[in-house]
Every structure is written in C-alpha cells, then in structure tokens.
Amino acid sequence: MLTLKLAFRNIIGAGLRTGLNVIALSFAYVTIIFLQGVYNGMNEQAEQASINAFYGGGQFWHKSYDPFDPLSFTDAHAIPPEPLQNLIITQNAAQILIWQGFVYPEGRFRSILMKGIDNVQKVLSIPSHLLQNSDQTIPALVGSRMARVSGLKKGDEIIVQWRDVRGTFDAREVKIIDVFTSTVQEIDNDQIWIPLHRLQELIGLADEATIVVLGKNIQPKSEVIGWNFKSTDYLLKDLHAMVKAKTIGGSIMYTILLLLAMLAIFDTQVLSIWRRRKEMGTFMELGFTRLRLISLFTIEGTLIGILAAIVGGVYGIPLLTYIAHTGWAMPQVADQFGFAIGERIYPTYSIALILGTTILVLLVTTVVSFIPTKKIASLKPTDALRGKST
Amino acid sequence: MKPEQENSILIKTENLSKVYPLGLSTLQALDCVNLSIGKGEFLGLVGPSGSGKTTLLNIIGCLDLPTSGSAEVLGNKVELLTHKAAAHLRKNRIGFIFQTFNLLPVYTVYENVEFPLLLLGKNSVIRKKLVIDALEWVDLADRADSKPAQLSGGECQRVAIARAVVKKPEIVLADEPTANLDAENSHHIMKTMVQLNKELHTTFVFATHDAKVMSYLHRKVTLVDGSIEKDERVSSTNQSNRKRSRRRSRK
C-alpha cells in the first residue's frame with residue numbers, strides 16, 4: 001500500500017514529465033483503438049453491404065446452378081415451388097433469373113450476365129423499382145463498375161444478345177435507365193439487370209428463376225425439393241476468407257502499432273528511469289529493498305498507463321464516437337480493394353477491442369517499466385548513487 | 001578512546017580492505033583498516049582525494065561490501081548482511097548526508113524529511129511532529145512546502161540533514177557535506193550537526209577534506225592511500241581555529 005501511495009505521489013509530483021508520458025501514451029492508445037475500429041467497421045460494412053445487396057438471409061439455388069460455370073445456367077431454372085412462392089408473394093424473398101448474354105459496347109464484344117429481378121421486390125437493395133418506368137424498350141440497370149469498363153452511361157441504348165432456351169440466338173436493344181453505385185461487386189461486374197418478367201419472356205422461361213434470395217430475417221422452414229439452400233455464412237465464405245487474409249494483415253498492423261506505442265513508452269520510461277537512477281540510489285540509501293524499488297517504479301509505469309487510459313477516454317470517447325457517426329472518408333482507390341468498401345467507413349469499437357487494448361497497453365507499460373528498473377535495481381547502491389549505469 | 005566508550009562501540013573494523021577492479025589491474029581503496037567508533041562520537045575521516053574516505057563510509061553505511069577483513073556496524077557484520085538486512089539496517093538505524101544532497105526532486109521539503117518515517121511505518125501524527133521538529137532544528141520550518149529546486153545549496157543540505165536525523169538514527173554518515181556550500185553555510189550546517197550530536201547523542205562520521213569541517217571534529221582519523229595514518233583526538237585549540245575561520249568567512 002505504501003509503495004502504491006509513494007508511486008502515486010511520485011507521478012503526481014513529477015508534473016510535466018508525467019503529463020508528457022501520459023499524453024504520448026494516450027495518443028498511442030486512442031490511435032490503436034481507432035485504427036482497429038476502422039478495420040472492424042470496414043469488415044462489418046463489407047459483410048452488411050453484401051447481405052443487403054445480394055445475399056439476403058440466404059439463397060435457394062436451383063440444383064443445377066453453379067455460379068462459376070456459365071454453361072450450367074441453361075439448365076439451372078425452374079418455377080420456384082410453393083414454399084418459396086409464398087415467400088416471394090409476401091415479399092420475404094426475391095427471385096432472380098440468371099442467363100448468359102453478350103453486349104457490344106463501343107463495338108467490342110463483352111460477355112455478361114443478364115439478371116432478371118422483380119421490380120417490386122423489397123428484399124435486396126438493388127434499385128429495381130427503377131425498372132418499372134419503362135416504355136417499349138427494355139429498361140436495364142448497370143452498376144458503376146460495369147458502366148465504367150463498358151463506357152456506358154444513363155440513357156444509352158445497347159444491343160444485348162443471348163441464346164434462348166431452345167438455343168436460338170436472339171438480340172434486343174436495351175436502354176440503360178440508371179447507373180447505380182454499389183460497393184458490392186457481385187451485383188455490378190459484367191451484369192445487366194432487367195425486369196424479371198421481360199427476361200423470362202425473352203428467354204422463354206415463364207415464371208422461372210435461377211435463385212431465390214430470402215429476406216434478411218427469414219429462416220428456411222424446410223428443404224425445398226430441387227433447390228439447394230445456401231446460408232449467408234456459405235455465401236459470405238469468400239468474403240470471410242478475404243477478411244481473414246486481411247485480418248492477418250490487420251493483426252500485423254495492430255502489432256506494429258502496438259510495438260510503436262511500446263517503443264514510445266519504452267523510450268520515455270527508459271529515459272525517465274535512467275535519468276532517475278541517482279534517485280533510485282537515494283531510495284536504496286534510505287532503506288528500500290530491491291524488490292520494493294522495482295515495485296515502486298513498475299507501479300509508477302502502470303499508473304501512467306492507467307492515467308493514459310483515463311486521459312485517452314476523456315478525449316478519445318467523444319472523438320471516436322463522432323467519427324463512428326460521421327464515418328471516415330475512403331479514397332477512390334478503395335473501390336479496387338476486392339471487396340465491398342463504402343465511400344465512408346464507419347468504425348465500430350467492441351468492448352473486447354477496448355478492454356483488450358487497455359489491458360495490452362497496461363501490460364506493455366508495466367513490462368517496459370519493469371525491465372530498466374530491474375537493471376538499475378541490480379546495481380550496487382553506491383553505483384546507483386553516483387549515477388552509474390553499469 | 002575513553003573507557004566508557006569501549007562498552008558502547010557502534011562501529012568496528014578489523015583489517016578492513018577494499019579492492020576495486022580497474023581494467024586489467026586493481027585499485028586498493030582500503031588497506032587493513034582497524035577502527036573503532038563509539039556512541040556519540042563526532043568523528044571525521046580526513047585525507048586527500050582517493051584516500052579511501054568515501055569507501056570506508058560506504059562500507060560502514062552498508063552500501064558496499066569489504067573485499068576482506070571485517071566491519072561490524074551496530075552489532076551486524078556488514079560482509080554477512082543480505083541486501084534486505086542491509087536495507088533494513090539503513091532504514092532503521094543509519095542516516096546519510098551526501099555532498100550532492102540527494103533529495104528527491106519531486107517531493108517538497110516536508111515530504112523529503114517525512115520519507116524515512118513513512119518507510120518506518122510511523123503514523124501521520126507522529127510523522128508530522130517529528131518532521132516539524134527536524135525542520136525546526138535546521139531552521140527550515142518556513143520552507144516546508146518548497147521543492148528542492150527552489151532552495152539554495154545550503155538549504156538543500158539542511159533538508160538532507162533533517163532527513164538524515166528525523167528518524168533519530170544511531171549513526172549519521174556524512175560524505176563531504178559542505179563541499180558544495182559557501183563558508184557561511186558550512187559553519188551553519190556544522191553547528192547544526194554539533195547541536196544534534198549534543199542533544200540526541202547521535203554518532204556522526206564525516207568524510208571530508210574541508211578545513212571548516214575539521215575544525216568542528218572531536219576526533220580526526222587521517223587516511224592516506226587506504227590506510228589509517230593518524231587517529232587523534234582534537235584539542236580545544238580547534239575551537240579557536242573555528243572562530244578564526246568563521247570570522248574570515250564573515251569578512
């Protein structure tokens with residue numbers, strides 16, 4: 001208790017030195033939490049955006065559907081059976097017909113996916129309602145990436161070609177009625193969205209669909225014959241794999257930040273303790289045992305860590321809360337990161353992140369205070385009093 | 001040594017030697033020192049720089065260990081003491097005064113003087129009384145709230161004296177206590193210590209080559225090259241030397 005009291009008295013008495021240590025440490029502490037929060041927010045946003053835009057609460061795939069094999073699309077269609085029809089009618093599910101086609105933007109051939117979606121669906125965030133306002137031409141939506149690589153813009157009319165269900169080539173002009181922006185590449189790259197009933201007519205697959213996307217909170221009640229259920233976890237597995245790979249990178253970043261903070265703490269602590277070796281000699285002269293001396297200076301370091309957490313909390317909580325609400329603007333290049341990153345990242349800070357970082361920073365402060373103190377405490381009192389270092 | 005002091009020997013060294021390694025060779029800091037110091041003595045270890053005064057003082061203060069021979073302080077063999085036992089002895093029974101004061105810079109004068117009492121676990125009422133008494137002895141009660149950086153060298157040394165004597169130790173060891181002080185402050189401090197020696201019967205051992213300090217000593221042990229060259233009681237003529245020295249310092 002006395003050692004704790006003395007440690008507290010020492011750091012309060014040190015005034016400016018303590019203040020600088022605390023501020024430097026609190027910066028490191030808040031920065032680590034902020035960056036990790038940005039990283040968590042980015043991952044969560046990517047997952048949420050993918051769910052909202054395309055994955056919903058899971059998907060029923062026609063048993064022949066293989067998203068990685070376009071040749072399977074000609075067989076992968078059927079009228080959704082009754083349990084799925086009920087969900088579609090009540091707008092708890094959205095059906096999508098997927099067919100391979102070709103476009104010739106700027107005179108160049110480009111293989112695309114034609115996706116038919118119900119224009120009244122409310123399950124996915126695709127602006128399918130825009131497909132309602134159409135005249136005789138077939139309205140089409142493209143994402144901004146597709147528009148960029150194809151040189152398409154709102155109002156353009158392009159020829160779309162496909163082979164219908166009988167294998168006969170057919171072509172029709174479609175009008176780009178809007179270019180939507182989405183962070184989710186699965187609804188954008190090389191895809192054209194057209195009204196479901198128009199696509200069904202064009203191909204000759206009345207009332208049929210390739211996949212049925214469930215609403216976010218809808219759970220499949222039973223198996224549906226001829227259709228395979230793919231859970232959100234399954235659909236997100238590529239994203240999770242990418243996040244995992246990026247998490248390793250993120251952990252390295254976190255470790256580097258922590259090491260930098262540790263280095264800063266170590267530097268200030270070593271400098272501070274080294275400067276105070278004569279003072280340590282005085283403590284020895286006054287009757288401090290080595291153990292007590294090590295305890296005193298280590299506790300001082302820990303108290304500085306605690307003060308840094310408090311000070312970091314004072315300015316960090318409002319600052320990080322503000323950024324969590326307003327978001328962190330991402331550069332344009334972030335669009336090419338490989339998964340759904342929004343224009344703004346909204347950091348998320350979990351209790352585990354805050355507590356974990358706090359404990360880690362305290363641990364690091366304690367260790368980096370302990371190491372130099374232990375070295376100096378092992379000096380002979382006479383050497384410490386003379387300010388010798390070895 | 002007076003017969004009555006024989007029975008109350010606080011410090012006794014026998015063939016005490018200390019050798020420091022110095023690169024590939026060694027340095028003989030103390031060479032077979034035999035010395036007895038009784039209770040209440042006001043003794044000085046004098047001699048030129050490098051004669052072994054500070055080394056002897058450090059061993060007596062349990063801050064260092066002898067290479068050979070023996071040093072017995074307050075009934076404890078220094079060479080046999082563990083770190084913990086040595087720390088305990090310093091904490092309870094020995095006070096130190098250093099040339100460079102060695103005050104704790106972040107503490108006030110009051111807190112510096114209070115510190116040894118905190119280590120001894122004295123309660124706050126007793127601590128306050130003893131600290132105020134000690135500060136009054138050294139005439140610094142009005143500077144209790146000042147930090148060492150706000151004090152003059154003389155005042156710092158008086159704080160160091162107050163800190164050394166506040167726990168009423170049996171031995172006070174002072175290493176060149178006046179080296180950083182002007183003549184006036186030196187005399188003031190020495191007078192304070194003489195008074196404490198008289199009132200508390202504390203044994204004072206000085207390491208010094210300052211003539212002003214020597215003029216106050218009751219016993220002078222001269223060290224040369226680590227050996228005792230002379231061990232003499234100081235005659236009363238010293239008092240007149242002291243007066244002359246003080247007159248000179250006033251001028």
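Taking N as the number of residues in the protein assembly as shown, what is its Cα Rg relative to 2.2 N^0.38 Å?
Numbers: Rg = 42.6 Å, N = 641, 2.2 N^0.38 = 25.6 Å.
That ratio works out to 1.66.
Only lysines eight or more places from A:K246 in sequence, or on another chain, were considered; those with a Cα closer than 21 Å are A:K237. Counting only alpha carbon atoms, the long axis of helix A:2-13 and the longest principal axis of chain A meet at about 80°. Taking the centroid of alpha carbons for each part, region A:119-178 and region B:163-221 are 101 Å apart. Between A:T183, A:I203, A:Q59, the Cα set farthest toward the positive side of the dipole of region A:58-230 (charges on each charged residue's Cβ, about the Cα centre) is that of A:T183. When only the Cβ of Lys, Arg, Asp and Glu is charged (+1, +1, -1, -1), the dipole of region A:58-230 relative to its Cα centre reaches about 380 debye.
Inter-part distance, region A:198-249 to region A:284-328, computed on C-alpha centroids, equals 49 Å.
In the protein assembly as shown, what percentage of the DSSP-assigned beta bridges are antiparallel, given to the nearest 5? Before the final figure, lay out each step's value.
Details: 57 of 87 bridges.
The answer is about 65 percent antiparallel.
Treat every Asp and Glu Cβ in region B:8-250 as -1 and every Lys and Arg Cβ as +1, leave all other atoms uncharged, and give the resulting dipole magnitude about the Cα centre to the nearest 20 debye. Spell out each step's value before the answer.
On the way: 33 positive and 25 negative charges, 134 e Å.
About 640 debye.
Once you average over the residues of B:107-115, how many Cβ atoms of partner chains fall within 10 Å of each Cβ?
On the way: counts 4, 1, 0, 0, 3, 2, 0, 0, 6.
The shielding value for this peptide is 2.
Less than 5 angstrom separates the built amide H of B:A174 from those of B:I97, B:V205, B:F206, B:A207, all sequence-distant by 5 or more or on a different chain.
At 24 Å minimum axial length over the Cα atoms and a Kyte-Doolittle cut of 0.5, report the qualifying DSSP H helices in chain B, or say none.
Numbers: long enough: B:183-200 (25 Å, -0.63).
Qualifying helices, which must be both long enough and hydrophobic enough, do not occur.
With neighbour counts taken as other beta-carbon atoms within 10 Å, the residues A:E106, B:E184, B:E176 rank, fewest first, as A:E106, B:E184, B:E176. Seen through its C-alpha gyration tensor, with square-root eigenvalues sorted a ≥ b ≥ c, region B:8-250 comes out oblate because a/c lies at 1.5 or above while a/b is not bigger than b/c.
Straight Cα distances below 20 angstrom link A:K115 to the lysines A:K63, A:K153, A:K154, A:K175, A:K230, with same-chain residues fewer than 8 positions distant left out. Taking amide H as placed 1.01 Å from N in the peptide plane, the amide H of B:L10 sits under 5 Å from that of B:I37, B:G38, B:K39, each at least 5 places away or on another chain.
Which one of B:I228, A:I304, B:A29 is farthest out on the positive end of the charge dipole of the protein assembly as shown, using unit charges on Cβ (Lys, Arg +1; Asp, Glu -1) and the Cα centre as origin? Working it through, the farthest residue towards the positive pole turns out to be B:I228. Rounded to the nearest 20, the size of the Cβ-charge dipole of chain A about its Cα centre is 2900 debye, with Lys and Arg at +1 and Asp and Glu at -1. Using C-alpha pairs below 8 Å separated by at least 6 residues, the relative contact order for chain A is 27 percent. Please identify, among B:L130, B:L217, B:L151, the residue showing maximal mean-square fluctuation in a Gaussian network model of chain B using a 10 angstrom Cα cutoff. Ranking B:L130, B:L217, B:L151 by mean-square fluctuation puts B:L151 first. Relative intensity of region A:32-150 on a log10 scale, I(q)/I(0) at q = 0.19 Å⁻¹, equals -1.25, per a Debye sum over C-alpha point scatterers of equal strength in the absence of solvent.
Here the ratio of the Cα radius of gyration of region A:113-253 to 2.2 N^0.38 Å is 1.22.
At 0.36 nm per residue, and after removing the present C-alpha to C-alpha distance, how many nm does the segment from A:D190 to A:D233 gain when stretched out fully?
Numbers: separation 43, 0.36 × 43 = 15.48 nm, distance 2.45 nm.
Full-extension gain reported as 13.0 nm.
Note on region B:103-148 and region A:8-86: Cα centroid distance 59 Å, given to the nearest whole angstrom.
For a 20 Å ceiling on Cα separation, which of these pairs sit above it: A:K388/B:K147; A:K5/B:K91; A:K380/B:K77; B:K84/B:K147; B:K191/B:K220?
Going by Cα-Cα distance, A:K388/B:K147; B:K84/B:K147 fall outside the 20 Å limit.
By its C-alpha gyration tensor, with a ≥ b ≥ c as the square roots of the eigenvalues, how is region A:200-288 shaped: rounded for a/c under 1.5, else prolate for a/b larger than b/c, else oblate?
Details: a/c = 7.72, a/b = 4.37, b/c = 1.77.
Prolate.
Pairs over the 25 Å Cα-Cα cut-off, from the set A:K278/A:K375; A:K375/B:K12; B:K39/B:K128: A:K375/B:K12; B:K39/B:K128.
Note on region B:8-250: antiparallel DSSP beta bridges, both residues inside, total approximately 55 percent of the bridges counted. Among DSSP bridges having both ends in region A:58-230, what percentage is antiparallel? Round to the nearest 5. Around 75 percent antiparallel, to the nearest 5. Placing unit charges on the Cβ atoms of the charged side chains and taking the dipole of the protein assembly as shown about its Cα centre, the candidate lying farthest along the positive direction among A:Q121, B:V138, A:L235 is B:V138. Counted by Cβ distance under 11 Å from A:L2, the other residues give a net charge of +3, where Lys and Arg count +1 and Asp and Glu count -1.
Summing charges over neighbours of B:S70, with a neighbour being any other residue whose Cβ is under 13 Å away from its Cβ, gives 0 when K and R count +1 and D and E count -1.
Each value in this text was obtained by applying a stated rule to the coordinates, not by laboratory testing. Worth saying up front: this structure is predicted, and the values here are computed from it rather than measured. Here the Cβ is made from the backbone with ideal geometry for all residues, glycine too, and neighbour counts use every protein chain on show.
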